[in-house]
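Chemist: Below is the structure I would like to discuss, written out as structure tokens.
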Amino acid sequence: MDPAQPGGARADRGRDGPLSEFLYLPDLAARRLGGQALLANDEFFAPKECLVADEPATFDPARYTDHGKWMDGWETRRRREPGFDWCIVGLGLPGDVRGVVIDTRHFSGNHPDRAAVDACATDADPRDAGAAATLEWTRIVPEVPLAPDAPNAFPVETAGRWTHVRLVIVPDGGVARLRVHGVAIPGGDGIGPGTTDLASVDVGGAVLGCSDAFFCAPGNLLWPGPPTGMHDGWETRRRRGPGHDWVIVRLGHRGILERVEVDTRFFKGNHPGSCDLEAHDAGPGGEAPEEARRRDRAALVENATWTSALPGRPLGPDLVHVFESPDLAELPATHVRLRIHPDGGVARLRVCCRPIAG
């Protein structure tokens with residue numbers, strides 16, 4: 001389905017319905033990216049480290065510990081005096097947070113009544129209680145009520161480059177997972193001059209939309225490292241009518257296309273039959289973080305000018321397909337759109353470019 005077709009721009013659905021826009025973005029606190037739960041004031045029933053586990057929380061009704069029922073998350077003791085509990089998480093990739101998910105899955109009757117999220121940017125090590133006490137926090141999610149046994153999702157309007165977040169729970173209780181969705185902002189000298197995968201999450205690449213995400217989220221396409229299984233990619237439902245599926249990626253920097261890799265590893269009887277790639281160049285500054293935050297995603301999906309960079313090419317199962325010149329047009333791009341025909345699964349998309357000014 002092309003964006004111009006009826007329902008195309010709004011057809012970006014997962015198994016449970018439309019995806020909140022920030023859920024397309026990578027979880028900057030993910031353990032696979034280096035995220036860590038660093039310090040908590042209490043973790044009597046369940047350890048803080050589970051907050052950033054990559055896999056969804058599980059529940060074992062028969063499992064108990066010396067402290068009580070085993071829970072797959074972070075859980076504090078019952079508070080008998082005024083106050084709140086907290087846990088500091090170091091982001092694996094510093095960046096601009098667009099939304100958080102405070103997942104209370106399997107916590108029902110022992111979930112916090114309310115929660116808030118703070119953020120800071122620091123070079124200090126918050127694992128040291130003295131250093132943690134000196135941090136200056138900015139509240140990015142106000143104190144909000146939490147539903148039990150549910151992924152509580154909250155958008156973030158406060159822009160910034162953050163390195164750490166603090167989950168505050170009121171007054172006490174358990175949280176299974178904390179997901180901190182956003183766009184990575186590299187530090188230091190930023191992106192070097194050589195050919196770089198500008199779609200990768202660790203340089204600020206981000207999915208802006210897709211036609212369908214029924215089985216697996218499109219953000220998996222941009223993870224660094226090889227795929228770990230069929231779950232670790234983007235897979236659409238089986239298409240029963242005409243059309244095709246698509247995903248739009250905003251590159252972390254403007255660049256000239258030099259090589260594209262479409263990786264179908266682990267997708268065997270469900271890989272796409274073919275693919276093509278289109279490029280959009282928003283020009284210098286077209287991918288600046290604050291502009292990207294303000295951009296109307298649906299308008300980009302519907303109205304951007306797309307130029308063919310890679311004409312239709314067949315895709316085989318369980319392979320890394322590499323496309324270079326002369327098959328790939330060396331175009332300037334700030335965004336790319338991968339179209340798969342008619343449907344199926346792709347594990348990784350690498351868009352290797354020569355960065356250019358802007």
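Chemist: For segment 146-166, does any single residue satisfy the condition of being β-branched (Val, Ile, Thr), part of a loop (DSSP other than H, G, I, E, B) and outside the structural domain of ASP72 (by TED's automatic domain parsing)?
Modeler: No - not one qualifying residue is present in segment 146-166.
Chemist: Please tell me if ASP245 is under 21 Å from VAL322 (Cβ atoms) and acidic (Asp, Glu).
Modeler: No; evaluated as a whole, the condition is false for this residue.
Chemist: Say whether the condition of being part of a loop (DSSP other than H, G, I, E, B) and modelled with pLDDT under 95 is met by at least one residue in segment 289-298.
Modeler: For segment 289-298, residues part of a loop (DSSP other than H, G, I, E, B) and modelled with pLDDT under 95: present.
Chemist: Another question, then. List the residue pairs whose Cβ atoms are under 7 Å apart, where the first residue sits in segment 109-122 and is without any contact (Cβ under 8 Å) to a residue 24 or more places away in the chain, the second is of a type in the set (A, V, I, L, M) and in a strand (DSSP E or B), and the two are 6 or more positions apart or on different chains.
Modeler: none
Chemist: So which pairs qualify, if the first residue must be in segment 304-315 and more than 21 Å from ARG250 (Cα to Cα), the second must be in a loop (DSSP other than H, G, I, E, B) and modelled with pLDDT under 95, the Cβ gap must be under 7 Å, and the two must be at least 6 apart or on different chains?
Modeler: Correct list of pairs: empty, since none qualify.
Chemist: On to the next question. What's the total number of residues in segment 205-224 that are surrounded by fewer than 24 Cβ atoms within 10 Å (Cβ to Cβ), of a type outside the set (Phe, Trp, Tyr) and more than 10 Å from the chain's Cα centre (by Cα)?
Modeler: Going through segment 205-224 one residue at a time, the tally reaches 4.
Chemist: Still on this model: Mind counting the residues in segment 167-182 that are part of a strand (DSSP E or B), out of contact with any helix residue (DSSP H, G or I) (no Cβ under 8 Å at 6 or more places or on another chain) and either surrounded by fewer than 23 Cβ atoms within 10 Å (Cβ to Cβ) or among the hydrophobic types (A, V, I, L, M, F, W, C) (or both)?
Modeler: Summing the residues that are part of a strand (DSSP E or B), out of contact with any helix residue (DSSP H, G or I) (no Cβ under 8 Å at 6 or more places or on another chain) and either surrounded by fewer than 23 Cβ atoms within 10 Å (Cβ to Cβ) or among the hydrophobic types (A, V, I, L, M, F, W, C) (or both) in segment 167-182 gives 5.
Chemist: I'd like the full set of residues that are more than 22 Å from LEU25 (Cα to Cα), in a strand (DSSP E or B) and in contact with a Pro (Cβ under 9 Å, 6 or more places away or on another chain), limited to segment 251-283.
Modeler: Result: ILE256, LEU257, SER274, CYS275, ASP276.
Chemist: With modelled with pLDDT under 75, touching a helix residue (DSSP H, G or I) at 6+ places or on another chain (Cβ under 6 Å) and not hydroxyl-bearing (Ser, Thr, Tyr) as the only criterion, which of ALA9, ALA4, ALA37, ALA29 stands out?
Modeler: ALA9
Matching residues to (1) farther than 21 Å from HIS181 by Cα; (2) modelled with pLDDT under 90; (3) aromatic (Phe, Trp, Tyr); (4) outside any helix (DSSP H, G or I):
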site	(1), (2), (3), (4)
LEU23	no, yes, no, no
PHE44	yes, no, yes, yes
THR58	yes, no, no, yes
ALA62	yes, yes, no, yes
GLY99	no, no, no, yes
HIS106	yes, no, no, yes
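Chemist: Another one. Inspect segment 183-204 for any residue being more than 15 Å from the chain's Cα centre (by Cα), surrounded by 19 or more Cβ atoms within 10 Å (Cβ to Cβ), of a type outside the set (D, E, K, R) and within 18 Å of THR334 (Cβ to Cβ) and give the result as yes or no.
Modeler: Among the residues of segment 183-204, at least one is more than 15 Å from the chain's Cα centre (by Cα), surrounded by 19 or more Cβ atoms within 10 Å (Cβ to Cβ), of a type outside the set (D, E, K, R) and within 18 Å of THR334 (Cβ to Cβ), which makes the answer yes.
The values are calculated or read from the model by the stated rules, or taken from the named source; none is laboratory data. This is a predicted model, so every value here is computed, not measured. Virtual Cβ from ideal backbone geometry, glycine too; neighbours counted across all protein chains shown.
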